[in-house]
1. For segment 169-178, what does the Karplus curve 6.51 cos²θ - 1.76 cosθ + 1.60, with θ = phi - 60°, yield as ³J(HN,Hα) per residue in whole Hz, taken in order and with x for Gly and Pro?
2. Rounded to a whole number, what is D in µm²/s for segment 272-390 from Stokes-Einstein with the Kirkwood radius over alpha-carbon pairs (4 °C, 1.567 mPa s)?
3. What percentage of the solvent-accessible surface of segment 70-228, computed with a 1.4 Å probe over protein heavy atoms, is contributed by carbon and sulfur atoms?
4. Tell me, what ³J(HN,Hα) does each residue in segment 486-498 have, in order and in whole Hz, if you take phi through Karplus 6.51 cos²θ - 1.76 cosθ + 1.60 with θ = phi - 60° and put x for Gly and Pro?
5. Going by accessible area, probe 1.4 Å, with all protein chains left in place, what is the ranking of Tyr512, Tyr126, largest first?
6. Quick one: what Rg and Dmax do you get for segment 77-197 from the alpha carbons, in Å?
7. For Ile390, what accessible surface area do you get with a 1.4 Å probe? Give it in Å², rounded to 10.
8. Averaged per residue, what accessible area in Å² does segment 74-146 show with a 1.4 Å probe, protein chains only?
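The values are calculated or read from the model by the stated rules, or taken from the named source; none is laboratory data. Just so you know, these numbers come straight off a predicted model, no measurement behind them. When the accessible area is computed, the model is the full protein with side chains, heavy atoms only, and any ligands, DNA or RNA have been set aside. Shrake-Rupley method; radii C 1.70, N 1.55, O 1.52, S 1.80 Å.
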Amino acid sequence: MMKFLHIIAAALLLASCSVRNTADEDPRVLETLDRAGRNSSELRKVLDHYSDNPEKLAAARFLIANMSGHYGYSGPELDSIEATLYPLTQRQINFIIDSAQAAHWQRFYFYTLPRQDDQYYINADYLIENIDHAYERWKTRKWNADLSFDDFCEQILPYRIGDERLTSWRKEYADRYEPQLDSIYSGSDAVEAARLLFNIINSEVWRYNDQIPSPHRDALALLNNRVGYNRDWCDLITYAMRACGIPVAIDMLLEASSSAGTHQWPVVRDNLTGRYLPFGVDAMVADRTNPSIVPRAKGKVYRYRFATDEKWKETISDIRSLPLRLNNIFITDVSSNYFNTDTITVDVDLDRHRHVYLGIWTPTTWRPIAVGEMLSQSKARFTNVEPGVICAPIKLDGNEFTPAGYPFYVDQYGKAHMIKPDSTAVEKVRLTRTFPMIHVNRRRISEFLAGSRIILSRTPDFSNPDTLYTFTDTLWRGHLALKIPERLSDIKYVRYTRPDNYEISLGNLALYGRDPTV
């Protein structure tokens, strides 16, 4: 009996040594294994599987070490979303769901769904499949010849983007897009590969709809149900690029000044210059010769990452009631990639507040986009603020952010200029638009005009109408003036009609006499 017990003890000791030998180089791996509980056996299988392949083992350690905090949601409601959106992919126009459906989903709080933390639920086969697939593209794609291991880990290796359900997406995406890409390109330029692959993706149907607020949709849902909004589109592009071995990331605005929401776009790492080039959104094209400029007021730009940003984590660690979009240890500040500014100091009145934030104006209020450094109760410091964008130091009063000083902007030389009101010097001005109409919004608005008509009638029932004008194409000017023929000068009624399933796309209709100033 004692011999049998000694054998068991020896076996357990060997197993313990085996686990320690595959994990003890990174204490964060051991922490994840400890937290994973029963699922630690799945994670250890991955480490053991790659014990004779140092690079793949390092990739596995990277994923496991940074797994804490990554999770997705589950539940039949996620399938119901796809069923609700799918009919929109079959339409040629009017890509919206009806008001009752929209109201239902807008009342549904998705974050009450079961949450599945990766460290507790992910299995070994899933991780091994992802690592093998990503590693092969890193080693075989010519444009990745000089891609560092660290960049590989962030831009090709991650198995998830946000809080989506996990699916086996890499092979599905690769089978769909790699043959098409390989048939037209065999070179070593990552930017050209990204441009060509995006053209392939963009040639397929994608319907825009932003009516359902939800977690990130899973990769296979996006591949097969091509409808959604900006974030979904960026996710789809990222999955496709990474499945084909193109190193990409997603950059974002925490607060878009034009919409009071986030805004994202993909970036590809240029293997010739090391720069990151935006593309895929707002008509931006991956082009190192003429890099696209993000056509929005940015203030600050952040990048999604898989690994924790330890510096950012330390910055926000002692801040309570931090806004959700700032309270994310998986983003990193990449503002310096977009504009060249440094540190600025501004006057503030913090009134015993412990924290100061950089605020940007959204349609209704100031919203925080960065955490500032308090030098004193009257001075604060911010870094890498976009020149020309009006910002303000703000503080959190209860549940509302309020100014903690005058608004300011940074000039091209990196100097901050305070904007102080002067009530003694007032003049009247006409503002036509506070934010430029970007191409995608202009297209969405104008495309609903085609087929619409302006109809005139002498009677209110329009029993014998005359068509004054038919819109045959988009309208790119801000207004259109039409002259009523003399034979119709006695009309009393005007009607604007649109084709079935079109939205009305008309800002104003005005009627004038012979003198247009009357």
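1. Listing the rounded values in order: 9, 4, 5, 4, 5, 4, 4, 7, 10, 4 Hz.
2. Answer from the Stokes-Einstein relation: 81 µm²/s.
3. 49 percent
4. So the J values, rounded to whole Hz, are 4, 5, 10, 5, 9, 5, 10, 10, 10, 10, 9, 10, 9.
5. Highest to lowest solvent-accessible surface, that is Tyr512, Tyr126.
6. 19.0, 53
7. The value for Ile390 is about 90 Å².
8. 56 Å²
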